[in-house]
Amino acid sequence: MNKKRVTVVEIAQAAGVSKSTVSLVLQNSPLVNEATRAKVTAVIRELGYVYNRGAANLRQSGSNSKIIGLVVNDLTNSFFAELAVGVDMVVQSAGYVQFLSHTGESPDRQREVINSMREHGISGLIVSPARGTQAIDLKPLIASGIPVVATVRNVAGAKVSSLMSDNHGGAMAAVEHLVALGHRRIAFLGGFADTGVFTERYQGYADALQRAGIVLEEALIIGSAPSRAGGVDAIMRAMQLADKPTAALCFNDAVAFGVCDGLRAQRLEPGADFAVIGFDDVIEAKSAVPALTTVSVDPQGMGQKAAQLLLKQINAGQPEAEAIVSSVRLVVRESCGATRQGEQRRITG
C-alpha cells in the first residue's frame, strides 16, 4: 500500500509553475489564467495525479479521515440496500463512515464515482461492478494502494479480493428441488447473459437438469433485465411457447416477484399453477404472497463479510488478495408448491 503517489511539487516542476499555482488549479480558483490552467491540467492527466480532497480537508481541520466507499450496480434492487446495511453495521462500529453510490450498470459512471471517492481520500472500496467492468478499471486503485473488495460479481484478472456466493451450487439445489416435486419443463428466467453471476447460475441449472436426465431446451432460457419488470417480460415470453414450462428458477428475487405478477395477469396462481423459485432471499421474500421459495445468500451477512474483509486489508497495510465463496441455502416456502414450509438445506461444494 506504500506505493509512491504523484505530488503537487512534481506537477509544478513538470509544468514549470509554482506549487501554489498547481494548488489554485486543483481548487478551481479563478485567479489562474486559462493558458496556465490548461498546461497544468495536461500535466496532471499525464502523470495520473488524483486530487485527495480528503487530505486537503484534513490539513484544514486536523481530524482523521476514515471513509469506506461502497459502489453498487443497482440500488433499485433491495438486495443491494440490504448489502449496504450489512457493510454499514461493520464499518460504523469500527469508526468509519460509508460513502454509497449507484452506477446503474454504467462503467463510465462507475469510474466517475470512484474517482470522486478517491478525491475524498477513501481508505478502501467495496464494489459490486457494473456490467462490462474490466481489470483495467480498478488498476488506478490498486496502483494507489487502496484496498478493494469486489462482491457479488468478480472482475476477471483484477488483483483484488473478492467475495462471491455459491451461485452454481444454489442453482443446482433449486432445480433438484423442482425435479423432486415432479417438474420436467423447468425454465431459467431473467438476468444478463454477459455477467459471471448469470453464467454460474445458468451452469448450475444446466448441470442439475443433466443429472436428472432432462434434456436442456434453449427455448426455456429466457434472459431479461434482472428486475421485477424483467420478470414479467420473461414469464410472458415463456408462456407463449407451444410447450409451456411448469416451473422456473429465476435469476434473482426481483425477477421472481415479476414472474409471480405475470402469472397472475394470466390468471395463474404462483405455487398452485406454476412453481417459482428465486435467488437472494431479500427481506420481502418471506412476507410475499405466496411466500417466495428462494436460494438465500444472506445479503446483510454478505455486506458484513465484505466489510470485515476490507477492514482486515486496511489494517494489514500490504494485504494479499483473497477469494472467498460464501455458502448458500435453499429456503422452501409456498411459491414452489411444496407442502413443507420453512425447510432449509445448506449447499456445499
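Taking all protein chains into account, the per residue accessible area for the range 128-212 stands at 36 Å² (1.4 Å probe). The count of lysine pairs in the chain with alpha-carbon distances below 15 Å, taking only pairs 8 or more places apart or on different chains, stands at 5. Packing-based ranking of 6-12, 287-293, 144-150 yields 144-150, 287-293, 6-12, ordered from highest to lowest mean Cβ neighbour count within 10 Å. Near residue 247, the amide H atoms lying under 5 Å from its own belong to 187, 275; only residues 5 or more places off or on other chains count, and H is placed 1.01 Å from N. At full extension, residue 143 and residue 246 could sit 32.0 nm farther apart than now, given 0.36 nm per residue minus the alpha carbon distance. Computed from the C-beta positions of residue 20 and residue 76 and an R0 of 45 Å, the FRET efficiency is 0.50 to the nearest 0.05. Across the accessible surface of the range 236-315, with the other protein chains kept in place and a 1.4 Å probe, carbon and sulfur atoms take up 51 percent.
Near residue 221, the amide H atoms lying under 5 Å from its own belong to 188; only residues 5 or more places off or on other chains count, and H is placed 1.01 Å from N. Under a 5 Å amide H cut-off, with hydrogens placed 1.01 Å from N, residue 328 pairs with 166, 347 among residues at least 5 apart or on other chains.
The values are calculated or read from the model by the stated rules, or taken from the named source; none is laboratory data. Computed from a predicted model, the values in this text were never measured in an experiment. Glycine also receives a Cβ, built like all others from the backbone with ideal geometry; neighbour counts cover every protein chain displayed. For accessibility, only protein heavy atoms count, side chains too; no ligands or nucleic acids. Shrake-Rupley method; radii C 1.70, N 1.55, O 1.52, S 1.80 Å.
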